[in-house]
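This report concerns only the one structure given below.
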Ligand SMILES: [Mg+2]
């Protein structure tokens, strides 16, 4: 069956925005506390629409990534730098410190090699989905662009590994019809392949974490898997001691990406079921919603996202226009 790429592009960016919007009110809360607010999340959303009235920095920066690719046809890092500087005028909603400080430096003309913070936070994995879409047919370029897009603000190797794995996941999933279940072994081999054979020990560690996620999909419940991966790879003194043994997704890239992939693989039945589990996972809820939302949207496509969820999103017309423009560029270059 031929893939409808435009539908997949729309699904991916809408998925980011929906996961971010649904997770935003719960940022920084334990999963158990979030779930004590409702027995039926769908009903809770319907009766508390004002809570879900905006996306945050995750979606803002994702849209700026897409705009840079549209303008630069994806081949110049300066377009990304300029697009992220423009984000300062949005203005940023709920930004992470690593992102904000480095992008402010870029705005002052500091070269990216000096502006980047040493943060291993999830701020680059959360904005990388358009690179996964755009370079899905050129995996070498996907790798170099995902890494560069991360390094301009985050010099830490975890940030580039996380961004690369998310971009590769999106590229994998847009090639799969949602009528077919994802082959877990094939999926994990594909998303791990770009971080293989690196000299970096954090990239090696990430491979070990992703293999554990793979073997936990059938072996763990949603809750127990989230507890297992909530602080995966986090080193002292960055542990959140009081949340050890609880579902509270750490903003460290390796933990957030591991949890997003775990939840996505566990909840493949429908977009709705998947996005509800992601955005109420606990901890950095908006970002696990945004990253997992990109994966779910890439797999299910726009046509399988319920309209009532799309209607929740702020600026949905603008987002859809960006998807169309990005797809047009992609088609010109890769679908000739
Ligand atoms: Mg956010």
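Derivation of every value follows stated rules applied to the coordinates shown; laboratory data play no part. This is a predicted model, so every value here is computed, not measured. Don't worry about glycine lacking a Cβ; one is built from the backbone with ideal geometry, like all the others, and counts go over all protein chains shown.
Here are the numbers:
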read-out: Selection from segment 178-188 of residues that are surrounded by fewer than 17 Cβ atoms within 10 Å (Cβ to Cβ), assigned to a helix (DSSP H, G or I) and touching a residue at least 12 places away in the same chain (Cβ under 8 Å); value: 184, 185
read-out: Unmet requirement for residue 16, which otherwise passes all of (1) surrounded by 14 or more Cβ atoms within 10 Å (Cβ to Cβ); (2) within 16 Å of the ligand (Cβ to nearest atom); (3) without any contact (Cβ under 8 Å) to a residue 24 or more places away in the chain; value: (3)
read-out: Filtered residue count, segment 189-203, keeping only those that are more than 21 Å from the chain's Cα centre (by Cα) and outside any loop (DSSP other than H, G, I, E, B); value: 1
read-out: Subset of segment 241-262 (residues that are without any contact (Cβ under 8 Å) to a residue 40 or more places away in the chain, surrounded by 15 or more Cβ atoms within 10 Å (Cβ to Cβ) and not in a helix (DSSP H, G or I)); value: 249, 250
read-out: Enumeration of residues in segment 79-119 that are closer than 28 Å to residue 53 by Cβ, within 16 Å of the ligand (Cβ to nearest atom) and in a loop (DSSP other than H, G, I, E, B); value: 88, 90, 91, 92, 93, 94, 95, 96
read-out: Check on residue 21, within 16 Å of the ligand (Cβ to nearest atom), in contact (Cβ under 8 Å) with a residue 12 or more places away in the chain, touching a helix residue (DSSP H, G or I) at 6+ places or on another chain (Cβ under 7 Å) and closer than 22 Å to residue 174 by Cα; value: no
read-out: Helices (runs of 4 or more DSSP H) enclosed by segment 26-72 - at least 3 residues per element that are within 16 Å of the ligand (Cβ to nearest atom) and in contact (Cβ under 8 Å) with a residue 12 or more places away in the chain; value: 57-72
read-out: So residue 212, is it surrounded by fewer than 22 Cβ atoms within 10 Å (Cβ to Cβ), over 17 Å from the mean Cα position of the chain (by Cα) and free of Cβ contacts under 8 Å to residues at least 12 places away in the same chain; value: no
read-out: Residues being in contact (Cβ under 8 Å) with a residue 12 or more places away in the chain, part of a helix (DSSP H, G or I) and surrounded by fewer than 24 Cβ atoms within 10 Å (Cβ to Cβ) - total across segment 263-299; value: 5
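This table checks each residue for (1) closer than 23 Å to residue 9 by Cβ; (2) surrounded by 17 or more Cβ atoms within 10 Å (Cβ to Cβ); (3) free of Cβ contacts under 8 Å to residues at least 60 places away in the same chain.
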position: 101; (1), (2), (3): no, no, yes
position: 110; (1), (2), (3): no, no, yes
position: 125; (1), (2), (3): yes, yes, no
position: 131; (1), (2), (3): yes, yes, no
position: 140; (1), (2), (3): yes, no, yes
position: 146; (1), (2), (3): yes, yes, yes
position: 153; (1), (2), (3): no, yes, no
